[in-house]
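This report refers to the structure that appears directly beneath it.
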Amino acid sequence: MDDVIADPVSSYWENMETRQYTIKKKVSFAGVGLHSGKRVKLTVKPAPDDSGIRFVRSDLDCRVTIPAYVNRVVNTYLATTISEDNVRISTTEHLMAALHGMGIDNALIELNNNEVPIMDGSAAPFTRMLHKVDRKRQKAAKKVLKIKKEISWQQNGSEIRMLPYDGLKITCGIDFAHPLIKNQSYTIEITPDSFIKEIASARTFGFLEEVEKLRQNGLALGGSLDNAIVIDESGILNKDGLRFPDEFVRHKVLDLLGDLALLGCPLQGHVIASKAGHTQHLALLKTIADHPECWEFVTFRKNSKKGVFELVAATTRAAGNKILPYLAPPGIELPEAVACSA
Ligand SMILES: [Zn+2]
């Protein structure tokens, strides 16, 4: 094992969390699925060290548990869907973003239907309740996937780059022809506090004419002005307007965080995404799997006298052999990586 003493002066190292977290007690939510329109009850329960985030359908006899890993992703059209043994859970991204953003590593999520409830279209209802029940620190060290060399992916005008960085920083850029949105860019250093304050309450959005088309195709059946920002040529149809002037791009940060959580562990790096959605996020995760020389797993240990020790938890080769299958999503059509500057 290599020991590296990380720079102890920056506030990042002072505030960093070195151990895993779950929640202190279970918490339940009820709502409708955005696409299915079906009512669903969801319960987030505490889970043991190193168990990760797992989903289970309480309405089925088979009780299949679906680990929230990228290799369980079967669909990225409009939302992220995971599956195991033909049991599916869709629209996982906002709840996964809430858990990831709040630094919750381990949880068991039970739901009695096939789609995570959309709530108000953001992650705020989840974060509010998770914050209320509070996090519980666990014994095991957080195992972090640390970007050591730049990884980049681009195709058809979309681009995502990952750079080495002490912490998790996200930059998202969007470019829509609509005059209300146009070019927006947003950068944030993700901590539980900054996530709750700046990102969690940003809602999903859609264009009225597209929503009507989706409905004709049996999608967005649960969508309404109570759970999405809806825009037509003249403006925003929601009578209370926006929660942030740049709520659209903030929601893109939220979606990206939710999909990055499918790595199954926290990430250390700066992710810069331009014109990306769920399909592009998954292509990035596949690119990470294709380039194990660009990252490694590390844990951190604090020492009050000497600062922070960075311990290589496993060499990438050893960890990679075990973890790579989880990072490579099979059975799903993804755009091929066309650039990697490793
Ligand atoms: Zn979303």
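The listed residues are 181, 199, and the only one of them that is more than 30 Å from residue 146 (Cβ to Cβ), β-branched (Val, Ile, Thr) and buried (at least 17 other Cβ atoms within 10 Å of the Cβ) turns out to be 181. The C-beta contact set for segment 161-179 (first residue of a type in the set (S, T, N, Q), second residue modelled with pLDDT of 95 or more, distance under 6 angstrom, 6+ apart or interchain) comprises 171/187; 171/272.
Identify, from the list 208, 225, 237, the residue that is closer than 22 Å to residue 37 by Cα, surrounded by fewer than 17 Cβ atoms within 10 Å (Cβ to Cβ) and in contact with a helix residue (DSSP H, G or I) (Cβ under 9 Å, 6 or more places away or on another chain). Only one candidate qualifies: 237. Considering segment 197-312, the qualifying helices (runs of 4 or more DSSP H), each wholly inside and each with 2 or more residues that are away from the ligand (no atom under 15 Å from the Cβ), run over 208-216, 278-290. Where strands (runs of 3 or more DSSP E) fall wholly inside segment 75-139, the ranges with 3 or more residues that are more than 16 Å from the ligand (Cβ to nearest atom) and touching a strand residue (DSSP E or B) at 6+ places or on another chain (Cβ under 8 Å) are 107-111. Pairing residues of segment 244-256 that are closer than 17 Å to residue 92 by Cβ with residues that are part of a helix (DSSP H, G or I) and modelled with pLDDT under 95, at Cβ distances under 8 Å and at least 6 apart in sequence or on separate chains, gives 255/278; 255/281; 256/281. Annotation note: Cβ proximity below 6 Å between a residue of segment 198-213 that is under 23 Å from residue 126 (Cβ atoms) and a residue that is part of a loop (DSSP other than H, G, I, E, B) and modelled with pLDDT of 95 or more (sequence gap 6+ or interchain) occurs for 200/123; 201/122; 201/243; 202/122; 203/121; 203/122; 204/121.
The values are calculated or read from the model by the stated rules, or taken from the named source; none is laboratory data. This one's a predicted model, so the numbers in the text were calculated from it and none came from an experiment. Heads up, the Cβs are rebuilt from the backbone with ideal geometry, glycines too, and the neighbour counts pull from every protein chain shown.
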